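Peer 1: Next up is a structure, given as structure tokens.
The values are calculated or read from the model by the stated rules, or taken from the named source; none is laboratory data. Quantities reported herein were computed from a predicted structural model and do not represent experimental measurements. FYI the Cβ positions are ideal-geometry reconstructions off the backbone, even for glycines, and counts take in every protein chain you see. The protein model used for the area step is the full one, side chains on, heavy atoms only, and it has no ligands, DNA or RNA in it. Shrake-Rupley method; radii C 1.70, N 1.55, O 1.52, S 1.80 Å.
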Amino acid sequence: MRLWHESLITKLPRQQLLGQHRECCALRGGGWGKRHATVDYVFIYSPYKLFRYHKLVMTEMLNRGYKPNENWLNPLYRGNNMIPYKSLPIEVSTYPIYPEHDHNYLIDCIENLRKKGIEIK
């Protein structure tokens, strides 16, 4: 489980982009709050931040001609098996969305991709 640095989203190969979508869906749904070393930081923030991140992923999917389920464009949606949020406070947009996604994290992500045989420039 990993959320790629947001500056890499438009550069991710198909497999990683679609995997990131699945990861975001899982985290927004039944995976919310379930500890995992790589993404624990997500849970210290409002689920709205995860929605904002996921929206970047879905925008790139749409740009490439993929069709994510439009329900995910609703910040309250949590998947077919979860009760939607009644409301979420809208947060001011920041860059990066997650402060943990700093320059060192970007380098870590690029190195992780390189180990998978994916060169990002």
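Peer 1: Go through the range 85-94 and report how many residues are modelled with pLDDT under 95 and open to solvent by 100 Å² or more (accessible area, probe 1.4 Å).
Peer 2: Matching residues across the range 85-94 total 2.
Peer 1: Right, something else. So F51 passes all but one of these: (1) in contact (Cβ under 8 Å) with a residue 24 or more places away in the chain; (2) open to solvent by less than 30 Å² (accessible area, probe 1.4 Å); (3) assigned to a loop (DSSP other than H, G, I, E, B). Which condition number does it fail?
Peer 2: (3)
Peer 1: A further question on this structure: List every residue pair whose Cβ atoms lie under 6 Å apart, where the two residues are 6 or more positions apart in sequence or sit on different chains, the first residue falls within the range 27-42 and is basic (K, R), and the second residue, located anywhere, is outside any loop (DSSP other than H, G, I, E, B) and open to solvent by less than 10 Å² (accessible area, probe 1.4 Å).
Peer 2: Note: pairs meeting the criteria are R28/L50.
Conditions tested, residue by residue: (1) open to solvent by 40 Å² or more (accessible area, probe 1.4 Å); (2) at pLDDT 95 or above; (3) in a loop (DSSP other than H, G, I, E, B); (4) of a type outside the set (S, T, N, Q).
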| residue | (1), (2), (3), (4) |
| --- | --- |
| L62 | yes, yes, no, yes |
| I83 | yes, yes, yes, yes |
| P96 | no, yes, yes, yes |
| E100 | yes, yes, yes, yes |
| L106 | no, yes, no, yes |
| I110 | yes, yes, no, yes |
| R114 | yes, yes, no, yes |
| I120 | no, no, yes, yes |
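Peer 1: So which residues in the range 2-17 are more than 13 Å from the chain's Cα centre (by Cα) and either part of a loop (DSSP other than H, G, I, E, B) or modelled with pLDDT under 95 (or both)?
Peer 2: Of everything in the range 2-17, just one residue is more than 13 Å from the chain's Cα centre (by Cα) and either part of a loop (DSSP other than H, G, I, E, B) or modelled with pLDDT under 95 (or both), namely P13.
Peer 1: Step by step: first the residues of the range 64-74, then only those that are assigned to a loop (DSSP other than H, G, I, E, B) and closer than 17 Å to Q20 by Cα, then the one that is farthest from the chain's Cα centre (by Cα). Which residue is that?
Peer 2: G65
Peer 1: Something else: Are there any pairs, at least 6 apart or on different chains, whose C-beta atoms fall under 8 Å, with the first in the range 90-111 and more than 13 Å from S7 (Cα to Cα) and the second hydroxyl-bearing (S, T, Y) and assigned to a loop (DSSP other than H, G, I, E, B), and if so, which?
Peer 2: Cβ pairs passing all conditions: E91/S46.
Yes/no per residue for (1) under 16 Å from the mean Cα position of the chain (by Cα); (2) not small (G, A, S):
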position: G19; (1), (2): yes, no
position: C25; (1), (2): yes, yes
position: Y77; (1), (2): yes, yes
position: I90; (1), (2): no, yes
position: P96; (1), (2): yes, yes
position: E100; (1), (2): yes, yes
position: N104; (1), (2): no, yes
position: I120; (1), (2): no, yes
